[in-house]
Amino acid sequence: MSRPIQAHIDLAALRHNFNIALTYAESASVFAVLKANAYGHGLSRCASALRPCMRNTDGIALVEIEGAIALRESGIRHPILLLEGFYDPEEIPLIAEYQLIPTLHCMEQVHALIRAALPVRIPVYLKLNTGMNRLGLTHDEFMLALSLLKTSRQISTITLMTHFSDADCAAEGVGITMQMQRLQHLLHAAGNPELPLSLANSAALIRYPEIRGNPVYGARPGIMLYGGSPFPEQQSAMELGLQPVMTLVSKLIAIRDIAANDRVGYSGAFTAHEPMRIGIVACGYADGYPRHAPTGTPVLVDGLRTRTLGRVSMDKICIDLTAMPHVTQGARVVLWGQGLPADEVASASKTISYELFCALAARVPVTVTAA
Ligand SMILES: *Cc1c(COP(=O)(O)O)cnc(C)c1O
């Protein structure tokens, strides 16, 4: 009998969430963001599950070329976008061979691609910096890159792309305004080229009707596909109609009674003020549970909500069973997912659901439901 922790991946929920993204996008193309092993959910299983829902113009976005090649070799024919392009010009022949779409976010990439001798013309995404100040071309670089790419025999189509830093911010409406203005300014300076645009992450896709539903404005939703709200403080995943895809479950492997003033776990980070009944769950930070989750982080036991106590250990967490005298050793514990939104656990731990999902450890066995 192995350790009782498991991650259940519900592929029907993934498809349900993707269909919600399609509804928001209307005729705009939707590139499902499956980077980081599909945010910890498993790249190939998620890509196969989504395939039947994808229209011809929809695609998959990744940052890992190995994953992109694996998807091609498994027979996926949809467009595959590499969000950071290539890291070394040596990857360019592979990009051509596997018909991947590189993002070009800096002039080094633009020059390298133009210099490469390619057997076929390839489509590119040209990434513009409109205020995130992470990746993307400046105004002057954009003018140069556009003229180089337009005259290059290596390039088939050019799509312009930018990424929003504040589409999830509390004040609805201001989140994308400045970046959209800078984008319009860049486009105007370039003579308003009639090029398709790829703009919206999950937050922008849900929130900004002006940049969705427009056939030239492609979307790149990630977190919403996995059932996380892109702005959990304002709207929960459930309110958005999203379903959890990953449910992390384990079991109680011990139960004990402690007295008033007893301390729990490393550093005695929790002290009981009264006699308590506590449970020990086989789940710790080496499984991907956030070590920073403080006392009070929600957890479900036999479907009922309670809280964690004290420090998260490598393999265990302690939880409060004082109000649950009926619960016995072996009881099912949900750390997040069905019945307990990952967003709530993330917010208690001062992080975001993205990080919880991506941190799921390799030692956690995965079970999959498809229908
Ligand atoms: C990760 C990523 C996304 C997806 O963002 P979500 O907030 O998960 O929807 C979209 N675009 C780019 C460039 C990304 O890196």
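The figures follow:
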{"quantity": "The chain - convex hull of the alpha-carbon atoms, volume per residue in Å³", "calculated": "148"}
{"quantity": "Shape of region 207-270, Cα gyration tensor, a/c cut at 1.5", "calculated": "prolate"}
{"quantity": "Per principal axis, descending, Cα span of region 162-278 in whole Å", "calculated": "74, 25, 23"}
{"quantity": "Contact order normalised by residue count of region 218-296, Cα under 8 Å, 6+ apart, percent", "calculated": "21"}
{"quantity": "Gaussian network model of the chain, Cα within-10 Å springs - most flexible of ALA204, ALA32, ALA70", "calculated": "ALA70"}
{"quantity": "Span from the region 181-197 Cα centroid across to the region 314-352 one, whole angstrom", "calculated": "49"}
{"quantity": "Three-way shape label, region 156-202, alpha-carbon gyration tensor, a/c 1.5", "calculated": "oblate"}
{"quantity": "³J(HN,Hα), Karplus 6.51/-1.76/1.60, whole Hz, each residue of region 295-300, x for Gly, Pro", "calculated": "3, x, 5, x, 8, 10"}
{"quantity": "Separation of the THR157 and THR351 label points, Cα + 7 Å toward Cβ, nm", "calculated": "3.8"}
{"quantity": "Rounded if a/c under 1.5, otherwise prolate or oblate - region 234-350, Cα gyration tensor axes", "calculated": "prolate"}
{"quantity": "Length-normalised contact order of region 150-257 in % [C-alpha pairs under 8 Å, at least 6 apart]", "calculated": "21"}
{"quantity": "Residue of LEU248, LEU321, LEU195 that the Gaussian network model of the chain assigns the largest fluctuation, springs spanning Cα pairs under 10 Å", "calculated": "LEU195"}
{"quantity": "23 Å Cα-Cα threshold exceeded, pairs from LYS35/LYS316; LYS127/LYS150; LYS251/LYS350", "calculated": "LYS35/LYS316; LYS251/LYS350"}
{"quantity": "Peptide ranges 288-298, 361-371 listed from the most packed, as the mean C-beta count within 10 angstrom indicates", "calculated": "288-298, 361-371"}
{"quantity": "In region 98-178, GluC sites (Glu not before Pro) in a DSSP loop with at most 15 other beta-carbon atoms within 10 Å", "calculated": "GLU172"}
{"quantity": "For ALA61, distant residues with modelled amide H under 5 Å away", "calculated": "ALA32, VAL33, LEU34, LEU81"}
{"quantity": "Protection proxy ranking of 9-16, 231-238 - average other beta-carbon atoms within 10 Å, highest first", "calculated": "9-16, 231-238"}
{"quantity": "Among GLY339, GLY310, GLY191, residue whose mean-square fluctuation peaks in a GNM of the chain (springs only between Cα atoms under 10 Å)", "calculated": "GLY191"}
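Laboratory data are not the source of any read-out in this text; all were calculated from the coordinates shown. No experiment lies behind these values; they were computed from the predicted model shown. Please note: Cβ atoms are built from the backbone with ideal geometry, for glycine as well, and neighbour counts cover all protein chains shown.
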